[in-house]
1. Are there any pairs, at least 6 apart or on different chains, whose C-beta atoms fall under 8 Å, with the first in the stretch 142-165 and under 15 Å from residue 119 (Cβ atoms) and the second hydroxyl-bearing (Ser, Thr, Tyr) and part of a strand (DSSP E or B), and if so, which?
2. For residues that are under 14 Å from the mean Cα position of the chain (by Cα) and not in a helix (DSSP H, G or I), scanning just the stretch 129-142, find the one that is surrounded by the most Cβ atoms within 10 Å (Cβ to Cβ).
3. Filter the stretch 14-28 down to the residues that are exposed (fewer than 14 other Cβ atoms within 10 Å of the Cβ) and in a loop (DSSP other than H, G, I, E, B), then identify the one that is nearest to the chain's Cα centre (by Cα).
4. Checking the conditions here, which among 39, 94, 115 is modelled with pLDDT of 95 or more and of a type outside the set (D, E, K, R)?
5. In this structure, does residue 65 turn out to be within 19 Å of residue 142 (Cα to Cα) and among the aliphatic types (A, V, I, L, M)?
6. Give the residues of the stretch 143-165 that are exposed (fewer than 14 other Cβ atoms within 10 Å of the Cβ) and assigned to a loop (DSSP other than H, G, I, E, B), sorted by residue number.
7. Mind checking which pairs have a first residue in the stretch 103-117 that is touching a residue at least 40 places away in the same chain (Cβ under 8 Å) and a second that is among the charged types (D, E, K, R) and not in a helix (DSSP H, G or I), Cβ under 7 Å, 6 or more apart or different chains?
8. Say whether the condition of being among the charged types (D, E, K, R), modelled with pLDDT of 95 or more and in contact with a Leu (Cβ under 9 Å, 6 or more places away or on another chain) is met by at least one residue in the stretch 130-145.
Amino acid sequence: MSPEDLSRALVEPGRASIPYRDHYSADRPLVLECFRPRGHNLDKPVVIVQHGMSRNGAEYCEAWVPAAERHGLLIAAITFPKEAWPDAVTYNNGHVLAEDGGLRPRERWSQAILGRVFALLREAGVTRRDKTYLWGHSAGGQFVHRLLATQPHGIFEAAWAANSG
């Protein structure tokens, strides 16, 4: 996805479901479930939301709509579809092991995708902020916890791991 494509997808207020392929996991498609309220401007916060094992990023995005409207937040729920990310090993455990059982490079782990999505939001001109907020629930809470333990996390203003299993 080009920054221009993302910018066009988020130019209007409201919900957008945006197909996304990370260049390190091109064979495993993702969906960015986004909400941009009318009150959003480039200096308002961005919240990245991580769903649980039900892979229902659209529902998680919808749950954030009242807070987004009240505070002008841009919501980006990065959805890892079950067809491409079938289990805990590939999603919330980070997809850290290669087929031969060896350790995959850290930038290829599922948790590394969030930093690239936030960088793309910045490059697309959707935000001017240097940092984002991160919230994960259930398996998404496990995802957040593992991200904070294994990935650079200077891009996060704050992070919450809610009801981790």
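1. Listed by first residue and then by second, the contacts come to 155/132; 156/132; 156/133.
2. Among those residues, the one meeting the criterion is 136.
3. 21
4. Step by step, each of 39, 94, 115 is checked, and only 115 is modelled with pLDDT of 95 or more and of a type outside the set (D, E, K, R).
5. Judged against the criteria, residue 65 is not a match.
6. 152, 154, 163, 165
7. Close Cβ pairs (under 7 Å, with a partner that is among the charged types (D, E, K, R) and not in a helix (DSSP H, G or I)) amount to 113/22; 116/22.
8. No - not one qualifying residue is present in the stretch 130-145.
The values are calculated or read from the model by the stated rules, or taken from the named source; none is laboratory data. None of the values given here were measured: they were computed from a predicted structure. Using ideal geometry, Cβ is built from the backbone for each residue, glycine included, and neighbour counts are taken over all protein chains shown.
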